[in-house]
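Accompanying notes for the structure given below.
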Amino acid sequence: MQTKVCAVIVAAGSGTRMGGVSKPEIKLDGVTLFERVLTAFCASDVSEIVVVAGENRSRLEALAASHTQKPIRFTDGGKTRSESVFRGVCASSKDCTLICAHDCARPFVTPEIIRAVIDGAKETGASTACAKVTDTVKYVDPERKAVYTPNRDHLLSIQTPQVFCKDRYEVAYALACKQGGTFTDETSMLEAAGASVTYVETDPRNIKLTTKEDILLARAILLVRKAREEGNA
C-alpha cells in the first residue's frame, strides 16, 4: 500500500520578532513566503496540504486559491507552535500515515528537500532536515561563563520540514501534554517519547526568517541564485 503523506504548513505565528508582521505575507522578489512554500509542496510527493493559519487566514486562503495541484484545507492555529502543528495533524485525512510539518518562515524549501526528508522517515518513522553547524558554539552558564565548547563536528542545526508517522506523533504529543514538556520542534518531542529520528542533511540555505535582518539575507540568497541561473556567478 502506498504511503500517503500530508503536509502541515505552519503559518499562524504572530511575527513578534519581525515587528508584528505576518511573516507568510512578506514578499521576496514580489512573491510571498507563503506562495513560495505552497508552490514547493504542490510540486512535491505529498498527497494533501493543511495550512495552519491565524488572523491572516482569509488572506492566505485567497493566495492559495490558484494552487490547485493538491487538495488544500485550512485550520486555525493554537496558542503555541506545538498546538498549531497538532491542530494541523488533526485536520489531515484519516488515511494519511505520514505528516510533513514545515514552518512557512522557511521559504527556500524545495520538492527535492521534501522528498529526501520523506525518504528518511521511511527508515525510522521520523526524520528532519538539518545542516552542519559551521560556527564554534559555546555552552555557557547563567552568568555567561563558558562551561565547555562542544565539537562542532557533532553538531547539527535542525530545520524543517520534519516528517513523522502520525500514530507515533499522537502518542508523543499526548505524553508531552501529560508531562508538561515544552519542545521547539516535533522530532525532539518524538525522541523524548523514545522514537528514533533520521537526520537528513539538506541545503544550508533553507533558512528561517525570524528577524528583519533575515529578510536581507534571503534577498541576497535570491540574488546569488538568479546570478547563477543567468551564468554570471
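Could you compute the net charge surrounding residue 47? Neighbours are other residues with a C-beta less than 10 Å from the C-beta of residue 47; K and R count +1, D and E count -1. Net charge around residue 47: -1. Using a Gaussian network model of the chain in which every pair of alpha carbons under 10 angstrom is joined by a spring, one finds that among 48, 143, 112 the greatest mean-square fluctuation is at 143. Scattering from the range 82-122 was approximated by placing one identical point on each alpha carbon and applying the Debye formula without solvent; log10 I(q)/I(0) at 0.19, 0.24, 0.31, 0.32 1/Å stands at -0.69, -0.99, -1.10, -1.10. Near residue 203, within a Cβ-to-Cβ distance under 12 Å, what is the net charge of the other residues, with Lys and Arg +1 and Asp and Glu -1? Taking every other residue near residue 203 into account, the sum is +2. When every Cα-Cα distance of the range 125-207 is counted in 10 angstrom steps from zero, the calculated P(r) takes the values 17, 36, 34, 13, 0 percent.
When cysteine pairs in the chain are screened for C-beta atoms closer than 4.7 angstrom, the residues that find no partner are 42, 90, 100, 104, 130, 165, 177.
When each of the peptides 114-120, 67-73 is scored by how many other beta carbons lie within 10 Å of its residues on average, the order from highest to lowest is 114-120, 67-73.
In this Cβ point-charge picture (+1 for Lys and Arg, -1 for Asp and Glu), the chain has a dipole of about 380 debye about its Cα centre.
With each label modelled as a point 7 angstrom along the Cα→C-beta vector, the residue 80-residue 4 pair spans 3.0 nm. A helix-only calculation puts the chain at -10500 deg cm²/dmol for mean residue ellipticity at 222 nm, using -39500 (n - 2.57) for each DSSP H run of at least four residues, averaged over all residues. Build a GNM of the chain with springs between Cα atoms under 10 Å: which of 22, 82, 157 gets the top mean-square fluctuation? Checking each option, the largest mean-square fluctuation is seen for 157.
A straight line joining the Cα centroids of the range 61-111 and the range 155-174 runs 14 Å.
Taking N as the number of residues in the range 5-229, what value does Rg over Cα atoms divided by 2.2 N^0.38 Å take?
Working: Rg = 17.5 Å, N = 225, 2.2 N^0.38 = 17.2 Å.
Compared with the compact-globule rule of thumb, the range 5-229 sits at 1.01.
Annotation: extensible slack from residue 221 through residue 141 equals 25.3 nm (criterion: 0.36 nm per residue apart, minus Cα-Cα distance). Extension gain for the segment residue 208 to residue 29, taken as residue separation times 0.36 nm less the Cα-Cα distance, is 62.8 nm to one decimal. Applying the Kirkwood pairwise sum to the alpha-carbon positions of the range 1-139 produces a hydrodynamic radius of 15.6 angstrom. Taking θ as phi - 60° and the Karplus parameters 6.51, -1.76 and 1.60, the scalar couplings of the range 169-183 work out to 4, 4, 5, 5, 5, 4, 5, 5, 5, 5, 8, x, x, 10, 10 Hz in sequence order, x denoting glycine and proline.
Every number in this text was worked out from the coordinates using simple rules, so none of it is lab data. This one's a predicted model, so the numbers in the text were calculated from it and none came from an experiment. Because the Cβ atoms are built from the backbone with ideal geometry, glycine has one as well, and the counts that use them run over all protein chains shown.
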